[in-house]
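Okay, so here's the structure we're looking at.
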Amino acid sequence: MTETLARLENVSRTYTRGKDKVEVLHNLNLSIPKSDFIAIMGPSGSGKTTLLNLLGGLDKPTSGSVTVGDAQLSSMSNSQLSRWRSTNVGFIFQFYNLLPVLSAQKNVELPLLLTRFGSAERARRASIALDIVGLSDRAKHYPRELSGGQEQRVAIARAIVSDPSLLLCDEPTGDLDRESADDILKLLQTLNREHNKTIIMVTHDAQAAEYANRTLHCDKGTLETRVAA
Amino acid sequence: MRVIRQILAVTWLNLRNLPQRMASSAVAVVGVAAVVLVFSAVLSMAKGFERTMVSAGSEDTAIVLRRGATSELNSGLSNEQMLIVSNAPGVMKDGDAPIISAELYVVVDVKKKSSNTDANVPFRGVQASAFDVRKGVKISEGRMFEPGKNEIIVGLSAQREFVGLDVDSTIKFGQTEWTVVGSFDADGSVSESELWTDIVVLQGAYRRGNSYQSVRVRLESPASLKVLQDTLDLDPRIDVEVQNERDYYAGQAEGLTRFIRIVGYPLTVLMAVGALFGALNSMYSSVSVRGKEIATLRALGFGPGTVLLSTMAESTLLALVGGLIGGVLAFLVFNGFQVSTLNGPSFSQVVFNFAVTGDLLIQGLQAALVIGIVGGFFPAMRAARLPVAAALREL
Amino acid sequence: MKYFYLVWKNAWRKKIRTTLTILSVFIAFLLFSLLSAINYAFTGGVDLADAERLVVIEKISLINPLPISYMDRIAAIEGVQEVMHLSWFGGYYQEPRNQFPQFPTDPYPYFAMYPELDIPAEQLEAWSKNRTGAVVGKDLADQYGWKLGDRLPIIATIWTKADGSTNWEFDIEGIFSTSDPRGSTAYMLFRYDYFDEARAFGQGTVGWYTLRVRNGADPIQVAKAIDLQFANSAAETKTSTEAAFAQSFTKQFGNIALIVTLVLGAVFFTLLLVSGNTMSQSVRERIPELAVLKTLGFTDRSVLGIVLSESMLITFIGGALGLGIGWLIIKGLASQLAAFLPGFYLPASALITGVVLMIIAGVLAGIFPAAKAMRLSIVDALSRA
């Protein structure tokens, strides 16, 4: 019986757009074991990004509770959530979202600015992260000098540099060609199997979902399990 | 011709989507407006002062001072010298009497209305022909002073600028009381900054005996100045300098106007450089925002020259708008504004108005034009050279 | 401070834009220093005035002379420690436009009254022994290249000599200077006894008296006592502190401080528009990046701080350059302008005001974009990307 890392209990999220109320998530219950690798698929507007945002403390549920590790996210203040995020979660986005004014190395070091580490220690940890994603030789390059796949790998390095237990990926291969996509997905698998990272990946690509341990389907605010082969 | 039409078309296009770039365009316009405003304000001070001084001087009047004196205040003439001058050829006569006014002034303290602090005001003693040796001077309110009495008339500018000079009021200088019996209009010239009284009374009150500082004579014609000068130069009894009154006043104004200009121009140039940086900034931003649009135009066949000139046209137009705003504001706010200051040579106040003249406005527009052209040039070069393919990819 | 790298890199995101903005700030602060120095030239005389020195002039007008006999009577008044006299000569050197102040006076009493001036003892002694001797200020000597022993011809415009000529000649017996950078030494002194004897008129009179009040005496009371002494006489007096006297002159020129303030107001208004626009463009361009920072765990407040720091950085670089170079230019020009605009100097108070203005400008330019960045909703910003 593996430990649970994250838990959503009776979570609902409703947005108010003018006079309309849109219920994106409806009484959702989800339990995520440690070191699991879950893919979440579903049509657009089904609430999968909202689910990710809730797990990462970027958003708060309208009702219900979100717990990750020992933290009750739904009852934390904004600054508490910020602090929690810096050491507990890593985000990976579809469009990488690297800072164009910083080199790959400095981009990876960014989360470490929130820690007490001195500049030498920050550089060391960033090098390790870049090594894990296999981009040590590109450390001094700027994002505009890197290919899409390489940029995403830098983003992954940034996501793991403060050694979070949870990685949240929103369409990580959405903007990549087949070959680069495979490289990234293999890297995520490595992070999951060899480094025990719990990974939750939102994707609309069925082939990408196959790299996960299991796939959940999100539709109209609810989840359904379909076990991967 | 087709090229010009192209340029106009593209310029029109640029201006049409200006509202999207409102903020940075506004910055350029305001920058130029500020420069022109300050430029016009500062130089209109010099212009106004100069005008007031020079307009007092008539070509039909000569002013005689002791040789070497740099102004009336430094000059000294005796009664005999005054008589020699009045009998010299070239001096216009009214029947038998030469039209001259031998004068002398002292500096008295009167409070400025604007600051309520003391200021040096010229208190001039004149002879009966004082109005005749000057052009355009007439009594405005009240009457002329009576000879032998402690009565004064005040210039309209002085009355407006200083405290306690209304008609029928009395004013005390030292131990002596004087009554203001009238005011005079001298077309806004420097004479209007003065207080006048009978010279005999002034000489007595200030213990000047029978001495004068200057003699103003009405010339038979402007040409008779030379005759008067030559005659007096040759006369061994007298050592004086004869000048056209207009030249004299121009000389008196020179110091202050030069000062204002020496200080004003460099500062305005600095401000213009600042406005230039602002314009450059705004235009670079405009070009980068329009990158895709420019590339599309180029791909459609509009030449780099067209892009260059239309960008510069936009920049120049913005600058001219700024220049117009600055100039109009300067005119509305400053033109005619009355101030007074201490003029070194006369050691007394001169009351004058800011004069935002046409040529100043034109100079301002010229400055705006230069800023607009230079400010648009480098960004325009960049716009013209933008590699088409790269820019189209900028989606 | 570890955020400095991030702030720096962000600031130079668009190199041309940042450079031009810094240059705009530079110009604004350069103008600030130059205008402050001009303002000081007009109004700073008050600073240099000694609180214990009084000036006695003829009541009706400064240009009316006072009898020399007043000297002893003033000295006898309670509270007066020492008194000396000065007169205005008003001549020029070679050409009418080479005008600088010349004052006939007595050698030792003058320098005793102004201890802030330095002159070698032997030069002062030489001057006291030479009736036609003169001493010139270092600023003046430097400007015209005069040296000790030179013959100095001055042409009078007011004071004709008894023999009818206007040519006065002096021997330069000394050069005096001051260690106070605000003070000007662009003037000349010569002997009153020679002046009084050689002039054609006005014997036995002086222009004005300057006196020092005894330690502990009330300057205002002493001033009143002096004026009372000469009330109702042929030449009544008006006595004021040196500061008030200096101020009465600057007030006559007009409200220079107001003019300077208005011009600087226009300059800074424009500056704020430029840097404010730059900062808002800078933030608008990187909304997604700022959102990412927040996802990484940067708090809303730290994002505000990062943006505000960027604005302060740009303003400080430009401002420091402007004040620094302005100060250098003022120092260099001061001696050139000494005869024309004495007292051209950038006082410490202006420098402090400049720094305060830099802070205010940096904050004002960046505060709205920074607040926008702070209030950014991560979810909205990222969904836009």
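Values in this text are rule-based calculations from the coordinates and carry no lab data. What you see is a predicted model, and the numbers here were worked out from it, not measured in a lab. Quick reminder, even Gly has a Cβ in these numbers, built from the backbone with ideal geometry, and neighbours come from all protein chains shown.
Tabulated values for the structure
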| read-out | value |
| --- | --- |
| For segment A:1-156, the fraction of alpha-carbon pairs in successive 5 Å shells from zero, as % | 2, 8, 15, 16, 16, 15, 13, 9, 5, 1, 0 |
| Ascending count of other beta-carbon atoms within 10 Å, so fewest first, for C:Asp163, C:Asp47 | C:Asp163, C:Asp47 |
| Averaged over C:237-250, number of beta-carbon atoms from partner chains that fall within 10 Å | 1 |
| Fraction of antiparallel bridges per DSSP, segment A:4-226 only, in percent to nearest 5 | 55 |
| Debye log10 I(q)/I(0) for chain B, one point scatterer per Cα, at q = 0.08, 0.10, 0.12, 0.14 Å⁻¹ | -0.58, -0.73, -0.89, -1.10 |
| Stokes-Einstein diffusion coefficient of segment C:48-253, Kirkwood radius over Cα pairs, 37 °C, 0.692 mPa s, in µm²/s | 185 |
| Rounded to 10°, Cα long-axis angle of helix B:22-56 versus longest principal axis of chain B | 20 |
| Exposure proxy order (Cβ contacts within 10 Å, fewest to most) of A:Arg85, B:Arg382, B:Arg207 | B:Arg207, B:Arg382, A:Arg85 |
| Hits among aspartates and glutamates - C-alpha to C-alpha of C:Lys238 under 13 Å, sequence gap 8 or more where chains match | B:Asp109, B:Asp118, C:Glu58, C:Asp227 |
| Calculated FRET value between C:Ala257 and C:Phe368, using beta carbons and R₀ = 30 Å, to 0.05 | 0.45 |
| Residue-averaged 222 nm ellipticity for the protein assembly as shown, from DSSP H runs of 4+ at -39500 (n - 2.57), nearest 500 | -15500 deg cm²/dmol |
| For the protein assembly as shown, share of DSSP beta bridges that run antiparallel, in % to the nearest 5 | 75 |
| For a label point 7 Å along the Cα-to-beta-carbon line of A:Arg214, residues of segment A:33-56 with backbone N under 13 Å | A:33-40 |
| Cβ-derived FRET efficiency at R0 22 Å, C:Ala76 paired with C:Ala200, nearest 0.05 | 0.10 |
| Helix C:300-337 vs. chain C, principal-axis angle (Cα, 0 to 90°, nearest 10) | 20 |
| Added length on full extension, which subtracts the Cα-Cα distance from 0.36 nm per residue, B:Asp118 to B:Leu18 | 30.6 nm |
| Antiparallel bridges, percent of DSSP beta bridges restricted to chain C (to nearest 5) | 75 |
| Sequence ranges C:199-207, B:251-259, ranked by mean other-Cβ count within 10 angstrom, highest first | B:251-259, C:199-207 |
| Counting all C-alpha pairs of chain C, share separated by more than 25 Å (%) | 66 |
| D (Stokes-Einstein, µm²/s), Kirkwood Cα radius, segment C:1-104, 0.890 mPa s at 25 °C | 122 |
| Förster-model FRET efficiency, 41 Å R0, B:Ile262 and C:Arg301, C-beta, rounded to 0.05 | 0.20 |
| Debye intensity ratio I(q)/I(0), log10, segment B:68-238, q values 0.08, 0.15, 0.18, 0.20 Å⁻¹ (C-alpha model) | -0.26, -0.87, -1.18, -1.37 |
| Order of A:His195, A:His141 under a 10 Å beta carbon neighbour criterion, fewest first | A:His195, A:His141 |
| With 10 Å bins from 0: P(r) over the protein assembly as shown, alpha-carbon pairs, percent | 2, 9, 14, 15, 14, 11, 9, 8, 7, 6, 3, 1, 0, 0 |
| Violating pairs (Cα-Cα greater than 18 angstrom) within the set A:Lys21/A:Lys60; B:Lys292/C:Lys9; B:Lys93/B:Lys135; A:Lys140/C:Lys9; A:Lys34/A:Lys197 | B:Lys292/C:Lys9 |
